[in-house]
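The values are calculated or read from the model by the stated rules, or taken from the named source; none is laboratory data. Just so we're clear, the structure is a prediction, and the values are computed from it rather than from any experiment. Note: accessible area is taken over every heavy atom of the protein model, side chains too, but ligands, DNA and RNA are not part of it. Shrake-Rupley method; radii C 1.70, N 1.55, O 1.52, S 1.80 Å.
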Amino acid sequence: MTIHHVSNYAEMCRKAANMISAQILLNPTCTLGLATGSTPIGIYERLADAYNKSDLDFSGITTFNLDEYCGLSENDPQGYYYYMNEQLFNKVNIDRAKAHVPNGTAGDIALECRRYEALITAAGGIDLQLLGIGNNGHIGFNEPSSAFEKDTHCVELDEETIIANARFFDNPDDVPRRAITMGIGTIMQAKKILLVANGEKKKEILQKALYGPITPMVPASILQLHPDLTVIWSDT
């Protein structure tokens, strides 16, 4: 485990973007696991800037997003496919056929989970996985539970997660209650993991995740067992 404690969000984004850029430069056909939410936005801005300066080429990479809300289409502004288009995909030369996000409107969600897991396996797994961490310790949408879920699956979101994500919706009642997410096993199979977090509000859960007991009640605690984990945390 390598931990970088930096003073502000901009520095966190700079370090994280540099690590992802290095992965792409070293392996132009690598597979990246991508996260959403407010934390990675600055990281994606820096990656897009690097592309605009001709420092990065995204044409050969493959991406898999961690999760997607059930019931939200690709065109829904609150969905993660839309988010990725707005924050990164529309700004770089990525091959859209190789930019994967779970289909939250699939008629058979269980089948969609199996399809998504098979796509990751067929791609040879993930070379570098970007993660955020929820206030309850979730990674992806793997919520506190009695057991670690292995593969991509559908999850009922915790009330704490629903409340935390309500800020992205005009009406809190519109926040979906279910989501498709990569499982803990899928995440842990990534060759490298980059966990980013910012703000004092994340300090307590980071302490529990990185130094506390390994327990499915704090899903991120499993990351202690990963052989190549980098954590970048900023005070603000």
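In the chain, the calculated helix contribution to ellipticity at 222 nm averages -9000 deg cm²/dmol per residue, counting -39,500 (n - 2.57) for every DSSP H run with n ≥ 4.
Go ahead and set up a Gaussian network model of the chain, Cα springs under 10 Å, then flag whichever of Lys201, Lys191, Lys15 fluctuates most. The residue with the greatest mean-square fluctuation here is Lys201.
Please report, to two decimal places, log10 I(q)/I(0) for the chain at q = 0.18 Å⁻¹ as given by the Debye formula with identical point scatterers on the Cα atoms and no solvent. Here log10 of I(q) over I(0) equals -1.57. For the stretch 87-236, relative contact order (Cα pairs under 8 Å, six or more residues apart, normalised by length) works out to 27 percent.
Where both bridge residues fall in the stretch 119-236, DSSP classifies roughly 40% of the beta bridges as antiparallel.
So for the stretch 88-210, if I pair up every lysine 8 or more residues apart or on another chain, how many of those pairs have alpha-carbons under 22 Å apart?
Within the stretch 88-210, the lysine pair count is 7.
Taking a ≥ b ≥ c as the square roots of the Cα gyration tensor eigenvalues, the stretch 100-162 comes out oblate, since a/c reaches at least 1.5 and a/b does not exceed b/c.
For the stretch 85-93, the Karplus equation 6.51 cos²θ - 1.76 cosθ + 1.60, evaluated at θ = phi - 60°, returns couplings of 4, 5, 8, 9, 4, 6, 9, 9, 9 Hz by residue, with Gly and Pro reported as x. The residues of the stretch 91-228 present an accessible area of 46 Å² per residue when probed at 1.4 Å with all protein chains retained. For the chain, the share of accessible area belonging to carbon and sulfur comes to 49 percent (1.4 Å probe, ligands and nucleic acids excluded).
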